[in-house]
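Note sheet for the following structure.
The values are calculated or read from the model by the stated rules, or taken from the named source; none is laboratory data. Keep in mind the model is a prediction, meaning the values are calculated, not measured. As a convention, Cβ positions derive from the backbone with ideal geometry for all residues, glycine included, and neighbour counts pool all protein chains shown. Remember, those area values only see protein heavy atoms, side chains included, never the ligands or the DNA or RNA. Shrake-Rupley method; radii C 1.70, N 1.55, O 1.52, S 1.80 Å.
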Amino acid sequence: MMQVYSVGEIGEYLRELLSDDDVLADVWVTGEITNLTKAASGHLYFSLKDDEGQIRSVMWRTSVIRCGASPSPGDAVVVHGRFDFYPPQGTCQLVADLLYPAGIGEGQLRFEALRLKLEHEGLFAEERKRPLPAFPRRIGLVTSESGAVYHDVVTVLSRRFPLAQLVFCHSAVQGDRAPIELVAAIQRLATWRDHDGSAVDLVIVGRGGGSPEELACFNDERLARAIFAAPWPVVSAVGHETDFTICDFVADHRAPTPSAAAEMVSPDLAAMRLDLAELVERGRVCADQILTATGADLGRARDRLIAHSPLARIARDRQATVDQAARARLALEVQLRSLQEQLAGRRLQLAALSPRATLGRGYSVVTTRQGVVARSVADVSVGDALTVELVDGTVETTTTQVSPSTPSTDADPATNGHADVVPGGTLGA
């Protein structure tokens with residue numbers, strides 16, 4: 001039965017047919033650039049021609065940037081890419097991903113093709129690159145035992161970080177057997193274990209400088225995949241700084257020389273000692289500052305605690321009580337002295353007003369038998385027994401005469417004109 005296909009179905013069939021073809025899906029083509037158009041988007045549209053025909057081609061912007069292509073009409077070039085069918089225009093075109101001037105060596109073309117292939121597979125992706133351990137204890141080294149790399153690496157590690165153990169695995173680093181031996185050396189290191197069961201922490205793969213042909217073994221796909229599958233970080237140190245190999249791209253880190261690789265993977269013990277001494281000094285200074293600040297805070301807290309302590313309050317109250325007692329004692333003493341002085345004054349006044357003082361001046365006090373003081377002659381009769389009190393004793397006497405005195409202007413008013421008391425004598429009869 002006849003089957004009728006649509007245009008789109010035929011276009012899709014042609015696309016699948018071209019993509020499944022081993023030759024057309026990964027092909028190198030050489031020719032001359034013609035009909036070149038540089039689009040504003042950065043894509044390149046051109047044709048490759050020779051004396052027998054031409055092929056429409058396109059190179060997308062990402063590929064243009066990656067390989068740095070900048071062709072001109074008439075340039076003889078070598079292009080790598082794949083053939084694809086473009087249904088909207090019904091054309092078959094070469095989708096280029098690499099473009100180089102014609103005359104480039106076959107080895108370089110193989111290098112670029114492999115680099116592009118592995119890059120598409122993600123072997124060069126930066127996100128899968130593993131960091132180097134800060135303090136590796138066991139460092140693997142893959143190189144030739146007859147080269148200078150081993151000596152250079154040992155010298156650097158002995159100087160910078162002698163604590164590390166070097167695990168050496170010999171391999172040829174040039175020639176046809178080199179890729180196989182390099183892969184085998186990496187696999188042996190992957191299974192190596194120390195007496196305590198520890199594996200290596202990282203591996204250096206390297207050799208000294210050489211021609212592109214001598215370094216070609218480090219562009220082998222088998223070696224690239226072995227490095228990619230390694231269980232630890234790999235440092236590539238192949239050739240000189242200007243030499244680049246597939247091994248450099250797939251490795252986790254690249255060093256310009258083997259000596260630089262040894263410095264990259266090993267910390268500088270002398271510098272670490274200086275850093276440690278500086279950290280210790282900074283720690284000591286910081287600790288001193290903290291202790292000083294803490295001591296000051298503690299002192300202030302102690303002062304506040306003492307200021308609010310019941311003992312301090314009791315001590316203050318006790319001192320206040322002592323001060324008040326001292327002031328009270330002083331006030332009492334002052335008041336006592338004042339009273340003593342007043343008492344002394346009263347004594348003097350009493351002494352001055354005392355009857356005995358009067359008696360001492362020659363006066364006497366006459367009392368009757370009834371003990372009544374005779375103040376006037378009217379109080380005494382003849383024959384009355386009288387007692388005369390003198391300053392130094394008494395005299396008992398009897399009245400024989402009572403003689404009222406004659407009033408005079410000189411008489412003492414207090415006696416009402418009577419002379420009843422005679423100094424040193426008795427009343428007259």
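By a straight-distance test (C-alpha under 29 Å), which lysines pair with Lys49 as possible cross-link partners, with residues fewer than eight away in the same chain excluded?
Within the straight-line limit of under 29 Å, Lys49 reaches these lysines: Lys38, Lys117.
Could you give the C-alpha radius of gyration of the range 288-351 expressed as a fraction of 2.2 N^0.38 Å, taking N as the number of residues it contains?
2.40
Would you compute the Debye intensity of the range 216-284 from its alpha-carbon atoms alone, equal scatterers and no solvent, and pass along log10 I(q)/I(0) at q = 0.14 Å⁻¹ to two decimals?
Result of the Debye calculation: -0.54.
Beyond 23 Å, what share of the Cα-Cα pairs of the range 130-215 remains, rounded to the nearest whole percent?
In whole percent, the long-distance tail amounts to 24.
How big is the Rg/Rh ratio for the range 65-186, C-alpha atoms only, Rh by Kirkwood, two decimals?
1.15
How big is the range 258-326 in terms of Cα radius of gyration and Dmax, in angstroms?
Reported Rg and Dmax, both Å: 28.3, 95.
Find the Rg to Rh ratio for the chain, where Rh is the Kirkwood radius over alpha-carbon pairs and Rg uses the same atoms.
1.96
To the nearest Å, what is the center-to-center distance of the range 1-42 and the range 320-357, using C-alpha atoms only?
Value for the Cα centre distance between the two parts: 138 Å.
Please get the size of the charge dipole for the range 161-215, origin at its Cα centre, with Cβ charges of +1 on Lys and Arg and -1 on Asp and Glu, quoted in debye to the nearest 20.
For the range 161-215, the charge dipole is close to 60 debye.
What are the semi-axes of the equivalent ellipsoid for the range 277-416, taken as the square roots of 5 times the Cα gyration tensor eigenvalues, largest first, in whole Å?
94, 14, 11
Evaluate the relative contact order of the chain (contact order divided by residue number), counting alpha-carbon pairs under 8 angstrom at least 6 apart; express in whole percent.
8 percent
Debye calculation, C-alpha points only, no solvent: report log10 I(q)/I(0) for the range 1-128 at q = 0.20, 0.21 Å⁻¹, in the same order as the q values.
Debye output, listed in q order: -1.23, -1.32.
If you roll a 1.4 angstrom probe over the protein chains with everything in place, what fraction of the accessible area of the chain belongs to carbon and sulfur, to the nearest %?
Carbon and sulfur together cover 56 percent of it.
So with the 1.4 Å probe, I'd like the accessible area per residue for the range 231-346, rounded to whole Å².
Details: 7910 Å² over 116 residues.
Averaged over the residues of the range 231-346, the accessible area is 68 Å².
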